[in-house]
Amino acid sequence: MARLTFVGGVHPHDGKELSKAKRIKDYVPTGDMVYPLSQHIGAPAESIVSKGDRVLVGQLIAKAGGFVSAPVYSAVSGTVKAIEPRRVVTGEEKMSIVIENDGLFEEIEYPQIPDYDSLSREDKIKIIADAGIIGMGGAGFPTAVKLQPKEPDKIDYIIINCAECEPYLTSDYRKMLEEPEKLIGGLKVSLSLFDNARGILAVEDNKPDCIELLKKLTKDEDKITVKALKTKYPQGSERHLIYATTGRAINSKMLPADAGCIVNNVDTVIAIYNAVIEGRPLLYRIVTVTGDAISDPCNFRVRIGTNYAELVDAAGGFKKTPEKIISGGPMMGFAMFDLNVPITKASSALLCLTKDEVSKNEPTPCINCGRCVEACPGRVVPKLLAELADRHDEENFVKLNGLECCECGCCSYACPAKRPLTQSIKSMRKVALSHKKK
Ligand code: SF4
Ligand code: SF4
């Protein structure tokens, strides 16, 4: 049977063998915990604690700052040490609540879980909003807002992104194998919000064990299908996932809901299960710590707020000096210059590589080979867009569909002249999008 896919894309070295066979380990943090008030798209959360306050695990420390926002909870017990700007993975400073971790992990008494069958659609959405859940595939959009499209009756697919197409990352893979019931349970909760929707668990075919397991567990679920996708980067990008699974195309002016779809990633759906079925707010992330510089690559269940440097030590430290450290995967992650930053709701991986292939690349003139065009899943002409971006020609950049780029990095990866195409296009998109918003 033909495997589902999209046009364009690349096949980078996947590096998943380093960590995929290891079970998720719980990491118990020892140092201070840092909670940026802005871990999501939208208004920052508003602190409701003060310096000197004692807090417990599961305690609300910052409430949502508006409709498009998300609350923040402490994942440790301890004392609020400061509320001040702290550096985050992107290198920016963000207002944060700093908690001195007392190592006791004393937990609040969670309110009684309401009987699931008695919950209305509005109740479930409120629980998801109150739990602080955001899109944990990287976008960081508050999940409760995503689950309230203008026309809920027109949603006919809820697609769970189980592709995990970024090289080296294996946290979704491990969760599918270790917590499949929660994944399916979270999807069923999501489906209960939409009368006409069917669920799709979309998995790349390099994870046959997950496909088999999920098919077995959903064989009696009329509304859920497991679909195998061709292994190709960026299969997990929202647009390409929708196209591959439903044949529907969306562009930069549309939301997935405009094509009748809602897309969530594995961690987000498990967080929905934890909130609605188990009554727990979002406190943890599964983080892959990997790369050839790490002694013992693995996946950790990490309390949000934990310092990245602690995770390196927990993975046995560096066996070789890393030349490059990335938060996330090699294609779309952020290069990190300081490990002293917190794991947030949007963190997925820490990748430590002994060779920084990219910065060693000396770009040479374009040879007009067309490989960037062939690789581009956004169906634009990366070479031209990068030239326009380098000339700051925003008008023609927008005319030539520069906003349709999903910043996947395939063009740079494919370019034999090692031109930093994505970097140029990304910078121009940022400017053009900010002008569009105004
Ligand atoms: S132009 Fe954008 S969408 Fe196309 S390959 Fe480059 S980064 Fe990806
Ligand atoms: S892949 Fe590189 S060398 Fe080839 S056309 Fe594109 S920019 Fe030019």
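How much net charge surrounds residue 412 when only the other residues with a Cβ under 12 Å from the Cβ of residue 412 are counted, with Lys and Arg +1 and Asp and Glu -1? Its environment carries a net charge of +3.
Note on residue 426/residue 17: beta-carbon distance plugged into 1/(1 + (r/R0)^6) with R0 of 25 Å gives a FRET efficiency of 0.25.
For the stretch 371-437, the dipole from Cβ point charges (+1 on Lys and Arg, -1 on Asp and Glu) about the Cα centre works out to 140 debye, to the nearest 20. For residue 426, the aspartates and glutamates whose Cα comes closer than 17 Å to its Cα, not counting residues fewer than 8 places off in the same chain, are 387, 390, 393, 394, 395, 404, 407. Taking 15 Å as the cut-off, the amide N atoms of the stretch 143-176 that come nearer than this to a point 7 Å along the Cα-to-beta-carbon line of residue 248 belong to 147-161. Which of the pairs 232/253; 175/230; 25/126; 253/345 have their Cα atoms more than 22 Å apart in this structure? Flagged as over cut-off: 232/253; 25/126; 253/345. Helices in the chain, meaning DSSP H runs of at least 4 residues, each add -39500 (n - 2.57). Divided by all residues, the mean residue ellipticity at 222 nm is -7500 deg cm²/dmol.
Our coupling estimate for the stretch 312-326, obtained by passing each phi through the Karplus curve with A = 6.51, B = -1.76, C = 1.60 and θ = phi - 60°, is 4, 4, 5, 8, x, x, 8, 8, 9, 5, x, 8, 9, 10, 10 Hz, Gly and Pro reported as x. Net length available on complete extension from residue 230 to residue 391 is 54.2 nm, with 0.36 nm assigned per residue and the Cα-Cα distance removed. Relative contact order of the chain: 19 percent, from C-alpha pairs under 8 Å at least 6 residues apart in sequence. In straight Cα distance, which lysines are under 21 Å from residue 51, not counting same-chain residues fewer than 8 positions off? Once the sequence-local lysines are set aside, what remains near residue 51 is 63, 81, 94. Sorted on the mean count of surrounding Cβ atoms within 10 Å across their residues, most packed first, peptides 304-312, 119-127 read 304-312, 119-127.
Proximity of backbone amide H atoms, modeled 1.01 Å from N, is registered between residue 350 and 288, 289, 290, 328 at under 5 Å, excluding neighbours fewer than 5 places apart on the same chain.
Read-outs: derived from the displayed coordinates by stated rules, not from any lab. Since the structure is predicted, the reported quantities are computational estimates derived from the model, not experimental observations. Positions of Cβ are generated from backbone atoms using ideal geometry, with glycine treated the same way; all protein chains shown enter the neighbour counts.
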